[in-house]
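Below is one structure; the comments refer to it alone.
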Amino acid sequence: MKKLLALSMVAVMAATSMIGCGKTEKNANGTVKEGKLIMATNAEFPPYEFRDGDKIVGIDAEIAEAIASKLGLTLQIEDMAFDSIITAVSGGKVDIGVAGMTVTKERLKNVNFSDSYATGIQAIIVKEGSDITTVDDLFAEGTNHKIGVQTGTTGDIYCSGDAEDAGCGTVEKYNKGADAVLALTTGKIDCVVIDKQPAIEFVKANEGLVILDTEYAIEDYAICIAKNNDVLTKKVNDALKELKDEGKLQEIIDKYIKAE
Ligand code: GLN
C-alpha cells in the first residue's frame with residue numbers, strides 16, 4: 001500500500017515536472033531565461049541578418065535589439081539553419097525567431113506570428129541573357145528548368161509545389177542562398193528563387209546576374225513565437241507598435257535598404 005502510494009507520488013511529481021519542462025512561459029515576460037530574449041536566426045540573409053566579423057548584424061538583429069531593450073531584456077542571438085528555427089521556437093529552446101520569416105498558414109499551425117514588420121518579395125535571379133525573362137517562362141509547358149532555392153524557405157515551398165508538381169522544372173535545394181547563387185554562376189542551375197533584398201545583395205556581389213522585373217510572390221515578414229505564448233506575443237507586438245509609431249522601425253530599415 002505504502003509502496004503504491006509512493007509510486008503514484010513519483011508519477012505525479014514526474015508529470016508536474018514534465019509540464020514545467022514543456023511550458024515555454026517561464027517568467028513574467030514569457031521568456032525561456034530570466035532577463036534574456038533569445039532570438040534564433042540564420043545569419044545568411046543580408047541585409048536582414050549577416051555576419052560582420054563575429055557579430056550578427058542587420059535589420060532583424062536591430063529590431064530584436066530594440067524590442068529587447070523595450071522589454072528590459074538582454075538580447076542573445078543563436079545562429080542556426082533556417083529550417084531549424086521553427087522547431088527551436090516551438091520547442092522552447094529560444095524565445096523568438098527573427099529571420100525575414102514569411103507568415104504562412106502551415107507555419108501558423110506550429111508557431112504564433114507577431115504583427116508584420118516588413119514586406120518580402122520572392123524574386124527570380126537569372127544569368128544575363130537567360131531564356132527565363134518572366135515568372136511565366138518558369139512554368140511554360142515543355143520547359144524543364146533547374147530552379148535553385150534555399151531549403152525550407154517559401155521559395156522552396158512554392159517552387160516545389162508549382163514547378164515540380166506541374167512537371168516543368170526541378171528544384172535544387174541549398175543550405176544557403178549564397179550557395180544557390182554560386183550554383184547559378186557556375187551554370188549548375190538556371191535560376192534562383194529567393195527573397196528580393198538578399199537577391200539584390202547577391203547580384204551585387206556576383207557579376208553577370210540579373211533579377212527579373214516580375215515578382216513571384218509578395219509576402220509579410222513577422223517574428224515567430226511559441227504557440228500559446230500569448231504573454232510574449234503581446235509584449236513583442238506592443239514593442240513593435242511603439243517602434244513603428246516612433247519611426248524607429250523605418251529608421252532601422254532605411255539604414256540597410258537604400259531607396260532605389
Ligand atoms: N522569407 C523566406 C521564408 O520565410 C526566407 C527567409 C530566409 O531565408 N531567412 O521562408
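Residues that are farther than 23 Å from Asp220 by Cβ, within 14 Å of the chain's Cα centre (by Cα) and either away from the ligand (no atom under 16 Å from the Cβ) or at pLDDT 95 or above (or both) occur in the range 70-81; there is at least one. Looking across the range 201-218, the residues that are assigned to a loop (DSSP other than H, G, I, E, B) and among the charged types (D, E, K, R) come down to Glu207, Asp213, Glu215.
When you scan the range 183-202, do you find a residue that is among the basic types (Lys, Arg), touching a helix residue (DSSP H, G or I) at 6+ places or on another chain (Cβ under 8 Å) and within 21 Å of Thr143 (Cβ to Cβ), even just one? So far as the range 183-202 goes, no, none of its residues is among the basic types (Lys, Arg), touching a helix residue (DSSP H, G or I) at 6+ places or on another chain (Cβ under 8 Å) and within 21 Å of Thr143 (Cβ to Cβ). Of all residues in the range 33-54, none satisfies being open to solvent by less than 30 Å² (accessible area, probe 1.4 Å), of a type in the set (A, V, I, L, M, F, W, C) and part of a helix (DSSP H, G or I). Contact map, the range 120-146: first residue farther than 25 Å from Met101 by Cα and open to solvent by 90 Å² or more (accessible area, probe 1.4 Å), second residue assigned to a helix (DSSP H, G or I) and of a type outside the set (Val, Ile, Thr), Cβ cut-off under 9 Å, separation 6 or more or different chains; pairs are Asp131/Asp137. Against the test of being within 18 Å of Ile86 (Cα to Cα), within 12 Å of the ligand (Cβ to nearest atom), open to solvent by less than 10 Å² (accessible area, probe 1.4 Å) and touching a residue at least 60 places away in the same chain (Cβ under 8 Å), the options Ala222, Ala226 yield a single qualifying residue, Ala222. Does Lys188 satisfy the criteria of being more than 14 Å from the ligand (Cβ to nearest atom), over 19 Å from Ile124 (Cα atoms) and open to solvent by 40 Å² or more (accessible area, probe 1.4 Å)? So Lys188 fails the test. For the range 106-159, the set of residues classified as among the β-branched types (Val, Ile, Thr) and assigned to a strand (DSSP E or B) consists of Val111, Thr119, Ile121, Ile124, Ile125, Val126, Ile147, Val149, listed by residue number. From the residues in the range 148-164 that are out of contact with any Asp or Glu (no Cβ under 7 Å at 6 or more places or on another chain), open to solvent by less than 10 Å² (accessible area, probe 1.4 Å) and hydrophobic (A, V, I, L, M, F, W, C), which one is farthest from the ligand (Cβ to nearest atom)? Among them, the one singled out is Ala163. When the range 229-239 is filtered for residues that are out of contact with any Ser or Thr (no Cβ under 6 Å at 6 or more places or on another chain) and open to solvent by less than 10 Å² (accessible area, probe 1.4 Å), the ones remaining, listed by number, are Leu232, Ala239.
The values are calculated or read from the model by the stated rules, or taken from the named source; none is laboratory data. This is a predicted model, so every value here is computed, not measured. Positions of Cβ are generated from backbone atoms using ideal geometry, with glycine treated the same way; all protein chains shown enter the neighbour counts. Accessible surface is based on the protein model in full, side chains and every heavy atom, while ligands, DNA and RNA are left aside. Shrake-Rupley method; radii C 1.70, N 1.55, O 1.52, S 1.80 Å.
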